[in-house]
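Below is one structure, written out as structure tokens, with a few remarks after it.
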């Protein structure tokens, strides 16, 4: 038994010659002219398929094989033949083609283009399309690349809890976790929710191990249906002791570049596919990112840029641009799509529009935050240096009306606290960024959004 | 800036000489004799600490430094000095010791032994004890090792959903996910729960990519407080197309051996610590596991072994041992602790005590299941070949009263289904197994169990 990926790897190292092989996979297409037929067989080991050639004179069930439908599972014995003159470097001359799993005639994935909306309704079959064969390998490789980066840099991976009694953002919009008991909060004895962020829970580990991260599912019960929001999504959240906001940005930039470089190296076929069918500039954009230095600009500077743009005729829907406003998506996109045409950090936002745990700057008005804005997405990463002064943090919590029991979080400022900083990468948005797929529902195995759940 | 891990790595490669260093970390102990003092500084980069020597004549704030308490955060400038005659290979002769973060006098982690129960109450400070510095690095390395194994073997990592409309085990005991809306199921429009397993959701991906896995949090709302059960825990669930139960066991065994070998290589200090303080035979046991071939025995054979043991005088609490019973924990432990004194696979259980999705064997009575039993834990892994015959699966679902909407799951048997198999490793139990820590609450960052939630 071998697989397509192994054969391509052997081809590359020059150790491949014609030889007997057995492959297993699924039929993408099957056509024949009465004496010779061609099956495009996908085994999922690689983006590429294998062409299986079957001839009436060489297999004893030609009249069965020529009826095997798209979606059938097959086992194929045959000879691998190098075909240096064809588009594909090799093909398999079948000696035996065995039907392992038939496919019913009503198979929804016939060979044609399907809309993303249609495919979302059949999430259990959707992985089999070319887009999804490419996408889910990229999703897997991107995850691995991020783990690898943080592992190589001696970060400890912490599994922060999904069910929590705290709410990091203090923003509401949480899902509650209950049982069918008459008191819904019977199980834990108090209200419990799905986490919106692992940050608060990972900070104690940063103050032990120095460098840590959490990477897992997070949740928002927002009753909106945008292309960039999901009820359930994965978030990567590193946290570093003895680190300020500048050091924070260094790690954001390095980790994303590392992950993108990993994709360019390990998934060239997939990136080419997305470049061809989803976003013509994708490969160029990713290659440029790896080479470039991400610009850094304060919020105050960003407001000036936006005001100048407005003065020069750019129309914004939210047109009251002045210091203190929360940047709207259109503003963020202007900054990274028009002003720099590439990723940009915006730092030092007004304290009133940012979370309570961000460190107050010496000006008393701004906090040491850093958002990474990228074209097509807007905010991809949000980070900050954390408020490490007990009294300042306590006062900010009071000012912002944080009424959770966070004594334990305050404790960290009392017992050997240090300057520390961290950030959160919305993993699904990063995946949109590296594939050009425009809707978050189409980069998740089973998207969860307001108004629907199947599976 | 450097860290303890880097210095030990440089020592090993022989590139370390006396040199100026800056370290940052936390005080574990601080003692002095009036003219010279010793700080044991932990920076979390490694299990080992660094000894900082400070002398009255060499630093200008001796009388402050000698009061720095356990738990304080420090920055230390000094000279690294090789000390081949001492227990530790080097130490730092301080030239400057700066207090970065003071510690209040009521710091709960004074230098003494604390009970696990006490430490669970202060989960935000608990990481700082020796046990937890060892544990959470092992937890991180074990996770990485498993990702690495499956990545190297070309498995695709799939993020199966946490919120689900299905219930893999059909066993009840699920947490529901609601919002504060007057109709608690308003958000999704129907009842939604926290996943008990990603298996059903990952199977569609196996039937595309061939080899896949999911690795994430899973949940059980069981109102029991045992040392081996938690309300929230991580599970690793691989799934492979074109694979039977024997092939399944090959992968279980190979992946666990790989992960254990990774720990022996990357965490020798931590494994030695657990061997010294938690389980004297730990290192030997882990080394033996890597070398051994795990025995395989059918359920029917296991029943005979237990009956013989009983006949020979072994007392069991559940003493009605006959074909058809579900094995109790004591039975499982007899098999792996007394009978083999090592891990053992038990296969081919009666169909009535196993889940509906397991493949019915030709005998019509048993299913192609495989449980891996290990000393001290009992069931560590549960796996099976999946029922791939549409009609048989449909009938088993009816027999076992599975009333979920699983048409999509049945579809997989209709559209290019193949023999396939998979398994689930309870990650937290695996961590107990490789550390000798006896309670699942003590291997999780923030344990979730019946009756309590803090944090």
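The values are calculated or read from the model by the stated rules, or taken from the named source; none is laboratory data. All of these numbers come straight from a predicted model, not from anything done at the bench. Glycine also receives a Cβ, built like all others from the backbone with ideal geometry; neighbour counts cover every protein chain displayed.
A quick yes/no check of all residues on (1) under 21 Å from the mean Cα position of the chain (by Cα); (2) at pLDDT 95 or above; (3) within 24 Å of residue B:159 (Cβ to Cβ):
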{"site": "A:173", "(1), (2), (3)": "no, no, yes"}
{"site": "A:180", "(1), (2), (3)": "no, no, no"}
{"site": "A:183", "(1), (2), (3)": "no, no, no"}
{"site": "A:190", "(1), (2), (3)": "no, no, no"}
{"site": "A:199", "(1), (2), (3)": "yes, yes, yes"}
{"site": "A:205", "(1), (2), (3)": "no, yes, yes"}
{"site": "A:208", "(1), (2), (3)": "no, yes, no"}
{"site": "A:215", "(1), (2), (3)": "yes, yes, yes"}
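Within the bounds of the range A:160-172, is there any residue that is at positive phi, assigned to a loop (DSSP other than H, G, I, E, B) and in contact with a strand residue (DSSP E or B) (Cβ under 9 Å, 6 or more places away or on another chain)? There is no residue in the range A:160-172 that is at positive phi, assigned to a loop (DSSP other than H, G, I, E, B) and in contact with a strand residue (DSSP E or B) (Cβ under 9 Å, 6 or more places away or on another chain). A residue that is at the interface with chain A (Cβ under 10 Å from one of its Cβ atoms), closer than 29 Å to residue B:258 by Cβ and crowded, with 19+ Cβ neighbours inside 10 Å occurs somewhere in the range B:372-390. Among residues that are touching a residue at least 24 places away in the same chain (Cβ under 8 Å), surrounded by 19 or more Cβ atoms within 10 Å (Cβ to Cβ), assigned to a loop (DSSP other than H, G, I, E, B) and within 8 Å of another protein chain (Cβ to nearest Cβ), residue B:455 is included. Applying the criterion of being assigned to a loop (DSSP other than H, G, I, E, B) and touching a helix residue (DSSP H, G or I) at 6+ places or on another chain (Cβ under 8 Å) to the residues of the range A:350-360, the residue that is surrounded by the most Cβ atoms within 10 Å (Cβ to Cβ) is A:357. Assess whether residue A:346 counts as being modelled with pLDDT under 95, surrounded by 21 or more Cβ atoms within 10 Å (Cβ to Cβ) and closer than 30 Å to residue A:281 by Cα. The answer is no for residue A:346.
The lone criterion from (1) more than 30 Å from residue A:24 (Cα to Cα); (2) surrounded by fewer than 17 Cβ atoms within 10 Å (Cβ to Cβ) left unmet by residue B:298 is number (1).
Kindly indicate the residue of the range B:395-409 that is surrounded by fewer than 16 Cβ atoms within 10 Å (Cβ to Cβ) and either more than 9 Å from every other protein chain (Cβ to nearest Cβ) or free of Cβ contacts under 8 Å to residues at least 60 places away in the same chain (or both) and also nearest to residue A:27 (Cα to Cα) among those meeting that condition. Filtering first and then ranking leaves B:407.
Looking at this structure, is residue B:138 within 12 Å of another protein chain (Cβ to nearest Cβ) and within 24 Å of residue B:445 (Cβ to Cβ)? When the stated conditions are applied, residue B:138 passes them.
The sole residue among A:53, A:27 that is outside any loop (DSSP other than H, G, I, E, B) and within 10 Å of another protein chain (Cβ to nearest Cβ) is A:27.
Step by step: first the residues of the range A:189-215, then only those that are without any contact (Cβ under 8 Å) to a residue 60 or more places away in the chain and farther than 30 Å from residue B:28 by Cβ, then the one that is farthest from the other protein chains (Cβ to nearest Cβ). Which residue is that? Among residues in the range A:189-215 that are without any contact (Cβ under 8 Å) to a residue 60 or more places away in the chain and farther than 30 Å from residue B:28 by Cβ, the one farthest from the other protein chains (Cβ to nearest Cβ) is A:196. Scanning the range B:115-133 for residues that are assigned to a loop (DSSP other than H, G, I, E, B) and surrounded by fewer than 15 Cβ atoms within 10 Å (Cβ to Cβ) returns a single hit, B:115.
Test residue B:242 against the criterion of being touching a residue at least 24 places away in the same chain (Cβ under 8 Å) and on the phi > 0 side of the Ramachandran plot, and give yes or no. For residue B:242, the condition - touching a residue at least 24 places away in the same chain (Cβ under 8 Å) and on the phi > 0 side of the Ramachandran plot - is met.
Within the bounds of the range A:152-159, is there any residue that is under 20 Å from residue A:408 (Cα atoms), within 10 Å of another protein chain (Cβ to nearest Cβ) and part of a loop (DSSP other than H, G, I, E, B)? Yes, the range A:152-159 has at least one match.
For residue B:443, the criteria (1) free of Cβ contacts under 8 Å to residues at least 12 places away in the same chain; (2) closer than 20 Å to residue B:256 by Cβ hold in every case but one, which is (1). On the basis of being within 14 Å of chain A (Cβ to nearest Cβ), in a loop (DSSP other than H, G, I, E, B) and touching a strand residue (DSSP E or B) at 6+ places or on another chain (Cβ under 9 Å), does residue B:48 make the cut? Yes; evaluated as a whole, the condition is true for this residue. Scanning for something within 14 Å of another protein chain (Cβ to nearest Cβ), on the phi > 0 side of the Ramachandran plot and touching a residue at least 40 places away in the same chain (Cβ under 8 Å), does the range A:79-101 turn up at least one residue? No, the conditions are met nowhere in the range A:79-101. The condition (being within 11 Å of chain B (Cβ to nearest Cβ), touching a residue at least 40 places away in the same chain (Cβ under 8 Å) and in contact with a helix residue (DSSP H, G or I) (Cβ under 8 Å, 6 or more places away or on another chain)) is satisfied by just one residue among A:70, A:164, A:131, A:143: A:143. Considering the range A:216-239, the residues that are at the interface with another protein chain (Cβ under 9 Å from one of its Cβ atoms) and not in a strand (DSSP E or B) include one that is surrounded by the most Cβ atoms within 10 Å (Cβ to Cβ), namely A:231.
Conditions tested, residue by residue: (1) at pLDDT below 95; (2) within 19 Å of residue B:156 (Cα to Cα).
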site: A:264; (1), (2): no, yes
site: A:267; (1), (2): no, yes
site: A:275; (1), (2): no, no
site: A:283; (1), (2): no, no
site: A:287; (1), (2): no, no
site: A:292; (1), (2): yes, no
site: A:296; (1), (2): no, no
site: A:303; (1), (2): no, no
site: A:309; (1), (2): no, no
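Does residue A:440 fit the bill of being in contact with a strand residue (DSSP E or B) (Cβ under 8 Å, 6 or more places away or on another chain), within 14 Å of another protein chain (Cβ to nearest Cβ) and within 22 Å of residue A:333 (Cα to Cα)? Yes. Looking across the range B:1-47 at every residue that is at pLDDT 95 or above and in contact with a helix residue (DSSP H, G or I) (Cβ under 6 Å, 6 or more places away or on another chain), the one that is surrounded by the most Cβ atoms within 10 Å (Cβ to Cβ) is identified as B:44.
Let's see how each residue does on (1) modelled with pLDDT of 95 or more; (2) outside any loop (DSSP other than H, G, I, E, B); (3) under 11 Å from the mean Cα position of the chain (by Cα):
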{"residue": "B:397", "(1), (2), (3)": "no, yes, no"}
{"residue": "B:403", "(1), (2), (3)": "no, no, no"}
{"residue": "B:410", "(1), (2), (3)": "yes, yes, no"}
{"residue": "B:413", "(1), (2), (3)": "yes, no, no"}
{"residue": "B:417", "(1), (2), (3)": "yes, no, no"}
{"residue": "B:422", "(1), (2), (3)": "yes, yes, no"}
{"residue": "B:425", "(1), (2), (3)": "yes, yes, yes"}
{"residue": "B:430", "(1), (2), (3)": "yes, yes, yes"}
{"residue": "B:434", "(1), (2), (3)": "yes, yes, yes"}
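Residues in the range A:410-428 that are more than 30 Å from residue B:109 (Cβ to Cβ) and within 14 Å of chain B (Cβ to nearest Cβ): A:426, A:427, A:428. A single member of B:272, B:312, B:341, B:319 is free of Cβ contacts under 8 Å to residues at least 60 places away in the same chain, touching a helix residue (DSSP H, G or I) at 6+ places or on another chain (Cβ under 8 Å) and exposed (fewer than 13 other Cβ atoms within 10 Å of the Cβ), and it is B:319.
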